[in-house]
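Read the structure below first, then the notes.
The values are calculated or read from the model by the stated rules, or taken from the named source; none is laboratory data. If you're wondering where the values come from, they're calculated on a predicted model, not measured in any experiment. All Cβ positions, glycine included, derive from the backbone under ideal geometry; neighbour counts span all protein chains shown. Heavy atoms of the whole protein, side chains included, go into the accessibility calculation; ligands, DNA and RNA do not. Shrake-Rupley method; radii C 1.70, N 1.55, O 1.52, S 1.80 Å.
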Amino acid sequence: MSDTGMNDTDILELVQGSLGGVHMQRPIGEITARGRGLRTRRRSIAGVAAVGVLGASTALALPLSGSSAQPVSAHGQAQSRSVNVDLAAWSVHTNADATVTITIRELRDPNKLRQVLAEAGVPAIVTVGGCVRNGDGLPQIGIVLNHTVSKLDGTIFTVKPSAMPPGSVLSIAYYDTLSGGHTMTTAIALLAHMPTPCS
Amino acid sequence: MRKRGVEQESGEFAEFYLSSRDGCLRAVYASVGDRLLAEDLVAEAFARAWASWRKVARHPAPQAWVVRTALNTHVSWWRRRRREVTWDGRDAASDAASAVTAAYEDTDTLLDEQVPAALRELPTRQREVIALRVFLDLDTETTARTLGIAPGTVTAHLSRATATLRGRLALSIEQETPSS
């Protein structure tokens, strides 16, 4: 290759100038909204939580109380919008990649959580110490549910609504375990259809 | 008082974002080789900067923090994809960037393709040094701290990268320069 007589500075200036037309287009609102969501995940609130992800064959056998079981639509998949809700008991945030991050800190307001999840495009049944007979547990739970963390400040998990099979429902049940201490357990399952309540 | 503190932080971050975003994007683009992927990585890095603004604002080189975070995110995303992407032993980062972003290729760009193509051919570490020294205009010491390498190594990488780029671009420069 021939020598153009350009020194190192010339070459580096050429390199620098070549990307002069590259500009960052993302509005700052999008950046700070995402940052707020990240910050919320790290917020420290008193309490202890543990996550149990139920397998393909699941059954909850606890006294019925505080459950909410209204699907968003009869056809299963909800119309979704970006959601950013932070309450003392739980948070729901839609991420830039359309996944939904849910943080549960306290055993409160299951019906409101279900409604917010529905708005975010996650059909769900949310129970607090409740009892339902499950539909079939689906193996796609591993694809729908990822990034699950149990920490002192809450149970955090991320749901991919687009991976939920049509008609499926995410079952979220949280209750105090019977271990003698103040431990909250969140059990999550992906059901093929809305479960029937216990009689 | 607290609200004023929050407003002040918001203003500081906004100023930082507006003044740094282009340089950070160019640095990451130079390193990963794909424009849209770079924008996603930089957006994520700035979001993390906002989430940790009190710490990042005190960093000696916040722009470097953003670029380093973006590059680390790239590695993280690539590792997640590795299960689905076959790898024939070539540079993994370039491979992942190409595989992930083939559908994103912006064929209507007005960019000069020669320089980005030449940058993509550099070894990863040389690309990163170029990204920080050239596009963020960081000094050798700061570049070394950001990448976790010795200052002498930064100088060596820069020298080798410049030599390679000179050879790679020389032919293109001659082709674009009319002979006298």
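General observations
- Taking the criterion of being in a helix (DSSP H, G or I) and open to solvent by 10 Å² or more (accessible area, probe 1.4 Å), the residues of region B:52-70 that qualify are B:53, B:54, B:55, B:57, B:62, B:63, B:65, B:68, B:69.
- Only listed residue being at pLDDT below 90, touching a Gly at 6+ places or on another chain (Cβ under 8 Å) and surrounded by 18 or more Cβ atoms within 10 Å (Cβ to Cβ), chosen from A:132, A:144, A:128: A:128
- Scanning region B:130-156 for residues that are assigned to a helix (DSSP H, G or I), among the hydrophobic types (A, V, I, L, M, F, W, C), within 14 Å of chain A (Cβ to nearest Cβ) and in contact with a helix residue (DSSP H, G or I) (Cβ under 6 Å, 6 or more places away or on another chain) returns B:130, B:131, B:132, B:134, B:135, B:154.
- Subset of region B:8-28 (residues that are more than 8 Å from chain A (Cβ to nearest Cβ) and open to solvent by 10 Å² or more (accessible area, probe 1.4 Å)): B:8, B:9, B:11, B:12, B:15, B:16, B:19, B:23
- Failed item, numbered, when residue B:31 is tested on (1) more than 10 Å from every other protein chain (Cβ to nearest Cβ); (2) farther than 17 Å from residue B:134 by Cα: (2)
- For residue B:116, the criteria (1) modelled with pLDDT under 85; (2) buried (at least 17 other Cβ atoms within 10 Å of the Cβ); (3) more than 13 Å from the chain's Cα centre (by Cα) hold in every case but one, which is (3).
- Residue among A:6, A:1 that alone is in contact with a Gly (Cβ under 9 Å, 6 or more places away or on another chain), within 14 Å of chain B (Cβ to nearest Cβ) and either over 24 Å from residue A:190 (Cα atoms) or at pLDDT 75 or above (or both): A:1
- Matching residues, region A:1-40, being assigned to a loop (DSSP other than H, G, I, E, B), under 24 Å from residue B:19 (Cβ atoms) and touching a helix residue (DSSP H, G or I) at 6+ places or on another chain (Cβ under 6 Å): A:19, A:22, A:23, A:24, A:26
- Residues located in region B:34-44, provided they are within 9 Å of chain A (Cβ to nearest Cβ) and not charged (D, E, K, R): B:38, B:42, B:43
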